[in-house]
Amino acid sequence: MTTSFIGADQNADDLAVAAMDPLRADDVLAELPAANERADTAWMVDALADLGADFDTADVYTARAALRDLGFLAASLIRHDPDADLHGIEPTLLRLAAVADEVPRDTVYSYTTRNPVGPRRRGFLLSDEEHVFIDSVVAATQALNLAVDDLAACRDRADLDEGMLLAALGQVHDGVEVLRKNLRTVQRTITPDYFSHRLRPYFPSMSLGGRAYMGPGGAQMPLLVLDVLLLAPSEPGQLGAWHDGYLGENVLYLPPTHRAVCDDTLLAYRSGNSPLLRCLLESPSVRAEYAALLKRILRFRYPHRQVARANMAIRAEGSLGSGGYTVEALDHLIEITTSKAAVTLPLPRQGRGSADDRDR
């Protein structure tokens, strides 16, 4: 088994999409924040019809750029009118999705790494807070792409040695640290009230082609691929079944090369034919570094859960995150990561402080 995924190429691909404007939508999308402020759904309907009517392409990059721009408009329309009729644009979105080999709507990638920089940047509000949010996710995603690249390269190497894997785990450590630092930037810049009531509503679920698609969310970032590489195979029992379902639901939103890494990795792990898994568990030096890396991931997951809790605390009862989950999903991910680290190398015994104390 091999994969064509190369993290540096993934970053370059997204930058190429960011540079494109196949629908000639720059001027229209520059007006979108103002249209959102006045909840001008008529303007959004007209913009979707003008830009998306009968648009077609056979080029993957062009399709992704077009999906990005139509996605900004469609998500804005649904945010202000949840019952809005998307049938007029639906055939175009489905056609572009088939070319792009991705879901037929905006994703965390179209919102961040495929989003132009400077005056061409697309945004729902283009406030200072939204700029910080986009910039933080871009930096984290680009770093995690490179981390996935190095670790995925180890997965199928029959001649995999400790040095190569230790270097790859170091790259993952660096990527997760970039993610953690950017989460702190978001936490310090964007209040729960602003995110929950101003920005989050622009990431609605959307029904297309008879199927519901969730809005852009953290579960769709490349950390998901690292979870597959580092945490699979899932634990037995109810928690493992939940994790299998969680992976299946979210891998759908990844770029094709990321999906291939996940699919091939799970197949290799389930067949017991994985040099990466053997080296992770059999080499004492690698086991120690593996456990340290999992604890580094927990240093991101605990504050991430704090942020989610703060947001959910001010939302209506029963609210979900943009990925369609409650905070309980983060509880499960922490439990799975902690369990895997404990099996690899026991974690230090935690004190009797509160859950919030341990989060810090």
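Some points to look at:
- Subset of the range 306-345 (residues that are under 25 Å from residue 248 (Cα atoms), open to solvent by 60 Å² or more (accessible area, probe 1.4 Å) and assigned to a helix (DSSP H, G or I)): 309, 328, 335, 343
- Residues within the range 206-217 that are part of a strand (DSSP E or B), open to solvent by less than 30 Å² (accessible area, probe 1.4 Å) and closer than 16 Å to residue 321 by Cβ, tallied: 2
- Neighbours by Cβ (under 8 Å, 6+ apart or cross-chain): first from the range 214-235, within 10 Å of residue 262 (Cβ to Cβ); second open to solvent by 10 Å² or more (accessible area, probe 1.4 Å) and in a helix (DSSP H, G or I): 224/251; 228/251; 228/266; 232/266; 232/269
- Close Cβ contacts (under 7 Å, 6 or more residues apart or on different chains) running from residues in the range 193-205 that are open to solvent by 30 Å² or more (accessible area, probe 1.4 Å) to residues that are in a helix (DSSP H, G or I) comprise 194/129; 195/311; 201/79.
- Residue match in the range 51-59 (condition: more than 28 Å from residue 222 (Cα to Cα) and touching a Phe, Trp or Tyr at 6+ places or on another chain (Cβ under 8 Å)): no
- Annotation: of all residues in the range 78-101 being out of contact with any Gly (no Cβ under 6 Å at 6 or more places or on another chain) and open to solvent by less than 30 Å² (accessible area, probe 1.4 Å), the one that is farthest from residue 65 (Cα to Cα) is 84.
Residue-by-condition table, conditions (1) modelled with pLDDT of 95 or more; (2) touching a Gly at 6+ places or on another chain (Cβ under 6 Å); (3) open to solvent by 40 Å² or more (accessible area, probe 1.4 Å):
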site: 219; (1), (2), (3): no, yes, no
site: 222; (1), (2), (3): yes, no, no
site: 228; (1), (2), (3): no, no, no
site: 232; (1), (2), (3): no, no, no
site: 244; (1), (2), (3): no, no, yes
site: 247; (1), (2), (3): no, no, no
site: 253; (1), (2), (3): yes, no, no
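- Just one of (1) more than 19 Å from residue 299 (Cβ to Cβ); (2) outside any loop (DSSP other than H, G, I, E, B); (3) in contact with a Phe, Trp or Tyr (Cβ under 8 Å, 6 or more places away or on another chain) fails for residue 138. It is (3).
- Candidates 135, 159, 106, 150, filtered to the one that is under 19 Å from the mean Cα position of the chain (by Cα), of a type in the set (Asp, Glu) and at pLDDT below 95: 150
- Scanning the range 152-189 for residues that are outside any helix (DSSP H, G or I) and touching a Lys or Arg at 6+ places or on another chain (Cβ under 9 Å) yields a single hit, 160.
- Residues located in the range 326-344, provided they are among the acidic types (Asp, Glu) and closer than 11 Å to residue 298 by Cβ: 335
- Whichever residue in the range 5-31 is touching a Ser or Thr at 6+ places or on another chain (Cβ under 6 Å) and assigned to a loop (DSSP other than H, G, I, E, B) and, among such residues, is modelled with the lowest pLDDT: 5
- Within the range 170-194, tally of residues that are within 14 Å of residue 133 (Cβ to Cβ) and in contact with a Leu (Cβ under 6 Å, 6 or more places away or on another chain): 0
- Condition met for residue 106 (crowded, with 18+ Cβ neighbours inside 10 Å, over 30 Å from residue 280 (Cα atoms) and among the charged types (D, E, K, R)): yes
- The number of residues in the range 36-69 being surrounded by fewer than 23 Cβ atoms within 10 Å (Cβ to Cβ), among the small types (Gly, Ala, Ser) and under 25 Å from residue 130 (Cα atoms) comes to 2.
- Scoring residue 34 on the criteria (1) touching a residue at least 24 places away in the same chain (Cβ under 8 Å); (2) assigned to a helix (DSSP H, G or I) leaves a single failure, condition (1).
- Residue in the range 164-179 that is under 20 Å from residue 21 (Cα atoms), touching an Asp or Glu at 6+ places or on another chain (Cβ under 8 Å) and open to solvent by 10 Å² or more (accessible area, probe 1.4 Å) present: no
- Looking only at the range 21-35, and only at residues there that are farther than 12 Å from residue 51 by Cβ and open to solvent by less than 50 Å² (accessible area, probe 1.4 Å), the one that is nearest to the chain's Cα centre (by Cα): 33
- Members of the range 76-108 that are closer than 26 Å to residue 37 by Cβ and hydroxyl-bearing (Ser, Thr, Tyr): 76, 107
The values are calculated or read from the model by the stated rules, or taken from the named source; none is laboratory data. What you see is a predicted model, and the numbers here were worked out from it, not measured in a lab. So basically every Cβ, Gly included, is an ideal-geometry build from the backbone, and we count neighbours across all protein chains shown. Side chains are part of the model used for accessible areas, which takes the heavy atoms of the whole protein and leaves out ligands, DNA and RNA. Shrake-Rupley method; radii C 1.70, N 1.55, O 1.52, S 1.80 Å.
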